[in-house]
Amino acid sequence: MDKSVLKLFRKVLKSHRVTRGKHFRLKDHDPGDTHGMGSESKDEARELLARGIEWLADAQDKLYAQDRWGVLITFQAMDAAGKDGAIKHVMSGVNPQGVQVTSFKTPSSEELDHDFMWRCMKALPERGRIGIFNRSYYEEVLIVRVHQALLAKQKLPAQVLSEAIWEERFEDIVNFERYLARNGYLILKFFLNLSRPEQKKRFIERLDNPNKNWKFSAADARERGYWKAYMKAYQDMIRHTAAPHAPWYVVPADNKWFSRLVVAAAIVEALEGLDLHYPKVGAGKKKELAAARRLLAGERN
């Protein structure tokens, strides 16, 4: 990656990355922030995004060939914040064989018969691959916390249900992510920070556009009544689980062109730090390749 572009990416990311959550306040992060880039900068942002996507394609190829690191990218957000679009645009240039996207929806009966991390642990990417979680185990301290009736469906013994359950789940998540980091996983977590007015605007657009009606549910509108509870839950989540080895990126999501740039910048910067390269060929392998070349050269078409 060009050093000037990487420097710009780091400058943009500085105010959005959270590695220590103790004093984090969501109100300090403006969903409409564009880092001083106005609408006239959209073309510049798209060009930077395109360069990031091109670089990611090369990095992902090396990641796969090197087969040492696994990459886990998690997206959390309110409805209509742009998770699907960010994944689609930012990862558009990479080889589909090296990326797996898993969307976690309402738990199935089988999933409810296991611990809350089980279904996500099954979907972890192998070394050399990028795994993307569209929602994740963090739902267990978000929607389940806002709608605590959902907790009753998880069949937990009464002895483990207490007021401390959310603190305990934060602890479990922190320990799990530390375990992954110690085993060679790069962890990046994105909270797409959408404002309530912008969500309403996007909901109305979905209602007005027949091609987007399928994306809308009446339940989406009802969830707006719990906005404050969700914002409190998101703030608490980031406070308890942000860490240097598993940072949160609080991405301004009111302008999709900017939010996609922030996501791409964060992934590029993180992968840049892994020293990715193609495996070096040893003497034995070189002999094998030379023999193969002689064999091919001796063939008659």
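Are any residues in region 125-159 within 29 Å of Val94 (Cβ to Cβ), open to solvent by less than 40 Å² (accessible area, probe 1.4 Å) and part of a loop (DSSP other than H, G, I, E, B), and if so, which ones?
Pro125, Gly128, Ser136, Leu142, listed by residue number.
So, in region 38-89, how many residues would count as being in contact (Cβ under 8 Å) with a residue 40 or more places away in the chain and not in a helix (DSSP H, G or I)?
Counting residues in region 38-89 that are in contact (Cβ under 8 Å) with a residue 40 or more places away in the chain and not in a helix (DSSP H, G or I) gives 16.
Say whether the condition of being of a type in the set (Lys, Arg) and in a loop (DSSP other than H, G, I, E, B) is met by at least one residue in region 246-268.
no
Can you list residue pairs whose Cβ atoms sit under 7 Å apart, with the first residue in region 252-279 being in contact (Cβ under 8 Å) with a residue 60 or more places away in the chain and more than 28 Å from Asp30 (Cα to Cα) and the second being surrounded by fewer than 16 Cβ atoms within 10 Å (Cβ to Cβ) and of a type outside the set (S, T, N, Q)? Count only pairs 6 or more apart in sequence or on different chains.
Tyr278/Ala65; Pro279/Ala65
Which one of these is over 21 Å from the mean Cα position of the chain (by Cα), at positive phi and modelled with pLDDT under 95: Lys155, Lys212?
Answer to the selection: Lys155.
Give the residues of region 212-239 that are under 19 Å from Val18 (Cα atoms), touching a Leu at 6+ places or on another chain (Cβ under 9 Å) and open to solvent by 50 Å² or more (accessible area, probe 1.4 Å), sorted by residue number.
Lys232
Considering Glu168, Glu223, Glu177, which residue is touching a strand residue (DSSP E or B) at 6+ places or on another chain (Cβ under 7 Å) and of a type outside the set (A, V, I, L, M)?
The unique qualifying residue is Glu177.
Can you tell me which residue within region 98-112, out of those that are outside any loop (DSSP other than H, G, I, E, B) and touching a residue at least 24 places away in the same chain (Cβ under 8 Å), is least open to solvent (accessible area, probe 1.4 Å)?
Gly98
Which of (1) under 20 Å from Val141 (Cα atoms); (2) surrounded by 15 or more Cβ atoms within 10 Å (Cβ to Cβ); (3) of a type in the set (D, E, K, R) does Lys256 not meet, given it meets every other one?
With respect to (1) under 20 Å from Val141 (Cα atoms); (2) surrounded by 15 or more Cβ atoms within 10 Å (Cβ to Cβ); (3) of a type in the set (D, E, K, R), Lys256 is out only on (1).
If I filter region 113-123 for residues that are of a type in the set (Asp, Glu) and open to solvent by 40 Å² or more (accessible area, probe 1.4 Å), do I get at least one hit?
yes
If you take the residues of region 3-30 that are in a loop (DSSP other than H, G, I, E, B) and of a type outside the set (D, E, K, R), which of them is nearest to Asn193 (Cα to Cα)?
Looking at the filtered set, the residue picked out is His29.
The values are calculated or read from the model by the stated rules, or taken from the named source; none is laboratory data. What you see is a predicted model, and the numbers here were worked out from it, not measured in a lab. Every residue, glycine as well, gets a Cβ built from its backbone with ideal geometry; the counts of neighbours run over all protein chains shown. Just the protein is used for accessible areas: all its heavy atoms, side chains included, with ligands, DNA and RNA removed. Shrake-Rupley method; radii C 1.70, N 1.55, O 1.52, S 1.80 Å.
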